[in-house]
Amino acid sequence: MRKNLTCIICPLSCQIRLSCVDKDIKRIEGALCSKGRRYAEKELHCPTRSLTTTLEVIGGEQRLVSVKSDQELPRELLMPVMRQLAKLKAQAPIKIGQVLAADILDTGVNIVATRPVSKGDNR
Amino acid sequence: MQLKRELMVIGGGPAGLAAAVAARRAGVRDILLIEREDCLGGILNQCIHNGFGREIFKESLTGPEYAQIFIEQVQLSDIECWTGTLVTELTAGKRIIAANSRGLHRICAQAVILSMGCRERTRAAVDIPGTRPAGIYTAGVAQNFINLRNLMPGKRFIILGSGDIGLIMARRLTLEGAEVLGVLEKLPYPGGLPRNITQCLEDFNIPLYLKHTVTDIHGKHRVSGVSIAKVGPRGGILPGTTRKLACDTLLLSVGLIPENELSKAAGIKLDRLTGGPLVDETGQTNIPGIYACGNVLHVYDIVDQLTKEAEAVGRAAACYIKAGQSQLPLLRVQAGSGIKYVVPQQISAPGKRLLSFRVDTPGQNKYIVIKSGRKIIKRQIKQRVNPPELIQLEVNLPELSPGNIIKVELK
């Protein structure tokens, strides 16, 4: 089976051409670095993505704090995780890197703050 | 009362932050950084997605994380920052008027760095006919509402324009529970990076309509729908292809323009092709001691490149402050056939010089040819060229013959 992928690891966006037999890569072309092969393998077996979103803040200088998943999540869990995060709020002050939701949906992945938020009145 | 500073930096986004820190490290003691918003970081604060910093930090950071690194450097370098302050006037004599809650301030400086960034093109810039209901936003405004203000601008979206901001907003809106009916692009190829087509559209089954545009906006108080049509090879609407789509919001991601109102009023010459100031390799404009860096100069696609170049501009401004003068441009650099623009547009001193440019259409196995006068000084093959991807090449110019023109061409 032949398959074309766009590598999403970096902005170069390598166009990867694969020949595979039952999800085993027999031949790979077009990836400019070794990360491309790892990406292609993951993409065939279990595509994963980073999630970046926001959480509502209580008592902060900002209304929202930007957050990210500290590891990639299985792609099909992005929407379920979003629905779970919609129920949560974070209490200011918040430090950058602080875990705001641990082990989200039993994935072992934490949701961490990507900016600091000091105490305030949610202007 | 007039305040005096060695260096003033106008704009506290990634360019201004990097330039200010670099100038401080190069020995400028007295720096004032002025920012319009209440916090530093500029547009990165609302770019909560990741992918920033791969070149400089070898990891994929989110916009706020990338900004925070430089905000901390500014704070550690003890650089004076005025946030919530709008510069209303800049003169060729390097005097500014700035307004904030404490009043109006007149400040003059030995050198000025312009780092005001860019702004979005609006409906008026692309002339979409129709009514004027609520529900028409630029993609960046919607991004600001959702990521900073906790406001959702609509439920059913059409996005016009396939630049990276449009693609990233398509994913963001979907994650936040909205429906994105499609992203429309009038050109035969997408404006954004291929990886964003994959991770922002294909991952969420959002259709991309190439060679399509919005021909009409419907609705009285709120957008009720848009008409879309196919675009022909010459850019005109193909008759008989129009159809109506029901939606409540139209997002426009139709390009960015360097924000140069202050520069123009100061008499700084702009490049018609970039929309930014004409600069030499140090980032100096036609007014000695006034420099430009970041998106105010030309719209970058990767912040790491912007940071590195802004740092060099910060160092150049420091040299100018020390020497009290700078070299004048000797050569012009021009975009030849197949090239959209080149920065810098002028060269003042011999040496290895980095040229940044964009091609005007996608292509494969093309030669980039750089000529000095009639002589070819560099020739490089590129497997793939794409207008959204900025190309940077270094050329060695051991000596400059005044009046010579450096030309970049695509063959």
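The values are calculated or read from the model by the stated rules, or taken from the named source; none is laboratory data. Just so it is clear, the structure is predicted and the values come from calculations on it, not from any experiment. Cβ atoms come from the backbone with ideal geometry, glycine included; neighbour counts cover every protein chain shown.
Some observations on this one:
- Residue selected from region A:83-123 under the condition among the hydroxyl-bearing types (S, T, Y) and within 12 Å of another protein chain (Cβ to nearest Cβ), by the criterion surrounded by the most Cβ atoms within 10 Å (Cβ to Cβ): A:T114
- Number of the exception - B:I168 against (1) under 19 Å from the mean Cα position of the chain (by Cα); (2) assigned to a loop (DSSP other than H, G, I, E, B): (2)
- Residues that are on the phi < 0 side of the Ramachandran plot, assigned to a strand (DSSP E or B) and either buried (at least 24 other Cβ atoms within 10 Å of the Cβ) or among the β-branched types (V, I, T) (or both) within region B:36-57 comprise just one, B:F52.
- Scanning region A:40-75 for residues that are assigned to a helix (DSSP H, G or I) and either closer than 30 Å to B:D38 by Cβ or at the interface with another protein chain (Cβ under 10 Å from one of its Cβ atoms) (or both) turns up A:E43, A:R75.
- Residue within region B:185-199 that is within 25 Å of B:R132 (Cβ to Cβ), outside the structural domain of B:A92 (by TED's automatic domain parsing) and either free of Cβ contacts under 8 Å to residues at least 24 places away in the same chain or not in a loop (DSSP other than H, G, I, E, B) (or both) present: yes
- Looking across region B:165-222, just one residue is aromatic (F, W, Y) and more than 14 Å from chain A (Cβ to nearest Cβ), and that is B:Y209.
- Here B:N144 meets the list (1) buried (at least 20 other Cβ atoms within 10 Å of the Cβ); (2) under 21 Å from the mean Cα position of the chain (by Cα); (3) within 13 Å of chain A (Cβ to nearest Cβ) almost entirely, failing just condition (1).
- Set A:K3, A:K35: member being surrounded by fewer than 17 Cβ atoms within 10 Å (Cβ to Cβ), touching a Cys at 6+ places or on another chain (Cβ under 7 Å) and not hydrophobic (A, V, I, L, M, F, W, C): A:K3
- Condition check for B:A124: in a strand (DSSP E or B) and either touching an Asp or Glu at 6+ places or on another chain (Cβ under 9 Å) or without any contact (Cβ under 8 Å) to a residue 24 or more places away in the chain (or both): no
- Per-region count, region B:283-292, residues part of a strand (DSSP E or B) and in contact with a Gly (Cβ under 9 Å, 6 or more places away or on another chain): 2
- The criterion of at least 2 residues that are within 18 Å of the chain's Cα centre (by Cα) and not aromatic (F, W, Y) is met, among strands (runs of 3 or more DSSP E) falling completely within region B:230-282, by B:256-258.
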